[in-house]
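Below is one structure, written out as C-alpha cells; the observations come after it.
Only the coordinates and a few stated rules stand behind these numbers; no lab work does. Just so you know, these numbers come straight off a predicted model, no measurement behind them. Every residue, glycine as well, gets a Cβ built from its backbone with ideal geometry; the counts of neighbours run over all protein chains shown.
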Amino acid sequence: MYIKGVGMTKFNYSQKPWWRFAFDAAIEALEDAKMKISDIDAIVLSTVSSAAGGEHQTHKISLVSDLFKTNVPIIETPSVCSGGGLALWTANHLNLKNVLVVAGEKLVDNRSEVTVDWILSAAERDIEQTEGMIFPVQNALVAQQYMRKYGATEDDLALIAFKNHENAVLNPKAYYYKRPVSLEKIKNSAIIASPFRLFDCSLSVNGGAAAILSQEKTDIEIIGSGFATDYLLTFGRQILTHFKATRLAAQQAYKQAGIKPEQIDVAEVHDAFTSVELFSYEDLGFAEIGKGKDLIRTGMVNLNGKLPVNVSGGLKAKGHPISATGLAQIYEITNQLRGKCKERQVKNNPKIGLCHNIGGAGGSVIVHILKKS
C-alpha cells in the first residue's frame, strides 16, 4: 500500500487523555492526505494507556468510533512499545482502499507506581523481575555481553545519545527541541544500570501519531513490511548479544522490497537504550556483527553521514510514548522522503527509508521500508 498522509503531535508532558493525542494526530494525517473521515474504510488503533489507570476505559475501539462519528471496522493492536509498528503492519495487510492507523498515549502524568507497574508487565515477571531484572537491567546485561564480546565502550553509547540529542534540537515536535545537551553532560550523568547512564535511556513522554494507508498510488510506497517475535524470557533466547526478531523482521522486509541494506538512505531505529541502537545497526544489516561501533565512531550515522539514523532525535531525545513510537517513525521517514524536514533534512536526497520498532526487550519487532515513488 501507499502512504497518503501522516500526522503527529508534539511529544511532551501535556495533560491530555490518550484519545486526544490520537485524535489530534489523526486529524493532521487526514488534512495531510486531503481526506475526510468518511473516506476511511477501517481504522487500526494502538494504545495501552488505559491499562495504566489512564481513563478507566477498556472499550477503546467504541470510544474511537464515537470520536470520529464513524461505524467502520476498528481493530486494536496492543503490542506495548511496538504497537504503532504492528498497527501499520496490520493495516498494510488489509484488503481495503483507505485505512487510518493511529496511536496515542498518556504515559507520564499517571501515578508513577501505576505507570511503572504497567511498563513492567511487558516483560517476564515471575523469574526475571523477581531477581531485579526490570527493563534497564535486562538491556544493561545484554549490553554488557555485547561490549565484552565486541569491544564497544561507554563512549560509543555516549556518542549515540549525543547524536540523537543534536538531531532533536532541530525537530519542533521532539521533547528536546531547542534544548541542547552536551557530550560532557551525557558522559557525567547518573548511572542507572551499568553501563547505562541517565542519557542512555529513552525518554517517557505523552503523544500521538497517525498515518493513512491507501491502495491509491501516492508519492510514498511501503515496499517492505516484516514482523517477527521472540521468547519473553530475555536470557532464554538463542542469541544474548542481539535481537533475533530484528534480524528476522529485517530479512522479511528486505526480501519483499527486493533491496539490500546498503540501499537504505535514512533510518529510524528503536533506541529504547543507546546499546539497542548500536547492535541494531548489525541486526538490520548496516554493519557486520561486532562492527556497529565503527558507524558511530566515523560519523556514518550522523545527520550529515552516509546513513543518517534517528534524525528525528529517536526515542532518546524526541521521546518514547510507547504505542505512538512506531507511527512517529513513519511520520519522520515519510517527511524525510518528501524533503519536508527543513533544518534536519537529510542532504543525500533520500529515496528509501527504514523504520525499526521493538516491543519489550526484543520480544516483538516490526521493520518497514518506504520508497519515494
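A few comments on the model shown:
- Relative contact order, whole percent, for the chain stands at 27, derived from Cα pairs under 8 Å and 6 or more residues apart.
- Here the 3J(HN,Hα) profile of the stretch 203-208, calculated from phi with Karplus coefficients 6.51, -1.76 and 1.60 at θ = phi - 60°, is 9, 6, 9, 9, x, x Hz, Gly and Pro shown as x.
- Using distinct alpha-carbon pairs, which all enter the 1/r mean, Kirkwood radius of the stretch 153-258 in Å: 17.4
- 5 angstrom amide H check on Glu76, placed H, neighbours 5+ away: Leu45
- Note on the stretch 173-222: with charges restricted to the Cβ of Lys and Arg (+1) and Asp and Glu (-1), its dipole about the Cα centre is near 380 debye.
- Semi-axes of the equivalent ellipsoid for the stretch 36-102, Cα gyration tensor, largest first, Å: 20, 16, 7
- Only Cα pairs under 8 Å and 6+ residues apart enter the sum, and on that basis the relative contact order of the stretch 1-97 stands at 28 percent.
- Taking amide H positions as modeled 1.01 Å from N, with prolines and chain starts lacking one, the residues under 5 Å from Ile220 and 5 or more places away or on another chain are Ile3, Ser373.
- Since only Val301, Leu315, His56 are under comparison, the one whose Cα sits farthest along the positive direction of the charge dipole of the chain, derived from C-beta charges on Lys, Arg, Asp and Glu, is Val301.
- Values of log10 I(q)/I(0), in the order q = 0.12, 0.15 Å⁻¹, for the chain under a Debye, Cα-only, solvent-free model: -0.81, -1.33
- With q set to 0.15, 0.24 Å⁻¹, the log10 of I(q)/I(0) for the stretch 251-332, from the Debye formula over equal scatterers at the Cα positions, is -0.53, -1.29.
- The residue list Val72, Ala140, His165 was ranked by how far each Cα lies along the charge dipole of the chain toward its positive end, using unit charges on Cβ atoms, and His165 comes out on top.
- Note on the stretch 303-373: the C-alpha convex hull projects to 4.9 nm² when averaged across all orientations.
- Relative packing of peptides 192-201, 284-293 - highest average C-beta neighbours within 10 Å first: 192-201, 284-293
- Beta bridge orientation in the chain: antiparallel %, DSSP, nearest 5: 75
- Once backbone amide H atoms are built at 1.01 Å from N, Gly360 has Cys81, Ser82 as its partners under 5 Å, excluding neighbours fewer than 5 places away on the same chain.
- Part-to-part distance (alpha-carbon centres) for the stretch 87-108 and the stretch 1-47, which is given in Å: 9
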